[in-house]
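The values are calculated or read from the model by the stated rules, or taken from the named source; none is laboratory data. Computed from a predicted structure; not experimentally measured. Neighbour counts are summed over all protein chains in view; Cβ atoms, including those assigned to glycine, are modelled from backbone coordinates with ideal geometry. What goes into the accessible areas is simple: the full protein's heavy atoms, side chains included, and nothing from ligands, DNA or RNA. Shrake-Rupley method; radii C 1.70, N 1.55, O 1.52, S 1.80 Å.
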Amino acid sequence: MLEKLRFNFIALNMALATLVLVVVFSAICHLEHQSSVSEVLDELEIALDRSEADASPAGRPLIGKHPDEEPAHLPIAVYRIGEDGDYAQTGVSNATISEAVIEIACREAASSEAERGHLGEAGLYFAKRSTPEGTLVAFADEGAVSSWQGLSATLLLVGVVALAAFFLISIFFSRWTLRPVEHAWNQQKQFVADASHELKTPLTVILANTAILRSHPRDTFADQRQWVESAQVEALRMQDLVNDMLELARPDDDRASAETAFSVVDPSDLVENLALQFESVAFERNVELDCEVEGNVRVKGLEKRLERLVSTLHDNACKYARASSSVRVTLSASEREATFRVVNDGSFIAKEDLPHVFDRFYRADKARSGNAGGFGLGLAIAREVAREHGGNITASSTPDEVTAFRVTIPLTTEG
């Protein structure tokens, strides 16, 4: 899939580059051709001026008559066409035209309504002017405007080289540009695999429980209560997992609409209230919960989402704290941001694992001693909540088994 996407990326880039080069080079060649035509026609007009000013007998050389004037830059033949259709070459000509061609050219030029232009049948450019003695017509071969052909060959070579270089650059940039896509794709595959793994266990238990219930159709509810309750527990576990996955999979539009509903929240009350709720949890796990909260802190956000973040860190710290240790919770404020910090003893996260603790389905028991269950989505959700509120969350751990999570959220002057 990624290789196909990379191929399409390169093909699109090459198509656009080719189109741009073709348009630009075609415009250059067209302008060069038009410039050459204009120059040729101007030379023809100059030849007509000289022919009108030349009072010498027909056939006298231009240079001999006008020694101070430059001769024409192009081979030009000037003819005078009489009213009876006869034609004769004038003295300012510096080129000759075969009789077969000049007869056709004079006939075309005389019948043309335009004063200057191109004679397709004769293959000549012409300019004409009426005089009392007849019509003067200057001719130049159409090869005089062929410079654009040499330019087009040069541009073609330049275009081929440029496209080859652009192709190599596109290959390099396709890998660099699609790297985030590849990372997201791999994350998505890993997410699906992990979600399937997490759902597999409760589904297996539920199916096993229902199979047992079906195999004893005559038993009472009291006899099979344990199987029903087991299935309910696993179903609730699946529900929690699905809700967490849906929360992480919320589209950006939903997050943007949530931000518009932000209000001023006092995290001081929120942290203190949750600390009180988790005192019983800490007591059950033989952990002491210390809380130090600075008052009158104001941030802008959604109270429910911030509550989810704080409760996740509380639960995470109590879950992985060593027995008879402590969990320290602090909330402080600086000039610009509020800082919420949770520290627990008894768990160590290796340095190479720290960047992954906020990944979806990251298992706490992979980097910590002991396994307290869970899906590995809590910290991922906490990171999403911090980002939604314009903040950040980081984790640190020391070899002496002290782990700390730190959340910073910008303060607000409202309220």
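At-a-glance table
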| read-out | value |
| --- | --- |
| Structure-based [θ]222 nm, the chain - -39500 (n - 2.57) summed over DSSP H runs of at least 4, per residue, nearest 500 | -18500 deg cm²/dmol |
| Flagged links, alpha-carbon separation over 32 Å, of LYS4/LYS304; LYS4/LYS351; LYS319/LYS351 | LYS4/LYS304; LYS4/LYS351 |
| For VAL327, residues with placed amide H under 5 Å, excluding near neighbours | GLU288, LEU289, ASP290 |
| Estimated distance in nm for a label pair at GLU99 and GLN224, the labels positioned 7 Å out from Cα along Cα-to-Cβ | 11.9 |
| Efficiency of FRET between SER324 and ALA15 - r from beta-carbon atoms, R0 60 angstrom, step 0.05 | 0.30 |
| Amide proton proximity set for LEU119, modelled H, under 5 Å, gap of 5+ | LEU124, TYR125, PHE126 |
| Average projected area [Cα convex hull, the chain], square nanometres | 42.1 |
| Calculated from backbone phi, Karplus (6.51, -1.76, 1.60) coupling profile of the stretch 402-411 in Hz, x at Gly/Pro | 10, 10, 10, 10, 10, 10, 10, 9, x, 6 |
| Global form of the stretch 75-180, assessed from the alpha-carbon gyration tensor, a/c cut-off 1.5 | prolate |
| Net +/- balance of residues flanking THR339 in space, Cβ distance below 10 Å, scoring K and R +1, D and E -1 | 0 |
| Formal net charge of residues neighbouring LEU151 (Cβ-Cβ distance under 15 Å; K, R +1; D, E -1) | -2 |
| Theoretical FRET efficiency, 1/(1+(r/R0)^6), r = Cβ-Cβ of GLU279 and ILE28, R0 56 Å, to 0.05 | 0.10 |
| Per-pair calculated FRET efficiency, R0 = 45 Å: GLU272 and THR177 via Cβ, rounded to 0.05 | 0.40 |
| Beta bridges per DSSP with both ends in the stretch 264-348, % antiparallel, nearest 5 | 60 |
| J(HN,Hα) series, the stretch 310-321, from Karplus relation 6.51 cos²θ - 1.76 cosθ + 1.60, nearest Hz, glycine and proline x | 5, 5, 4, 5, 4, 4, 4, 5, 5, 5, 9, 6 |
| 14 Å beta-carbon shell around LEU2, net charge (K/R +1, D/E -1) | +3 |
| By accessible area with a 1.4 Å probe, ligands and nucleic acids excluded, highest first: order of VAL385, VAL37, VAL22 | VAL22, VAL37, VAL385 |
| HIS216 accessible area, assembled protein chains, probe 1.4 Å, Å² | 80 |
| The stretch 129-193: GluC sites (Glu not before Pro) in DSSP coil with no more than 14 other Cβ atoms inside 10 Å | GLU133 |
| Computed over the chain: relative contact order in percent, which uses C-alpha pairs under 8 Å that are six or more apart | 11 |
| Rounded accessible area of ILE46 (nearest 10 Å², 1.4 Å probe) | 80 |
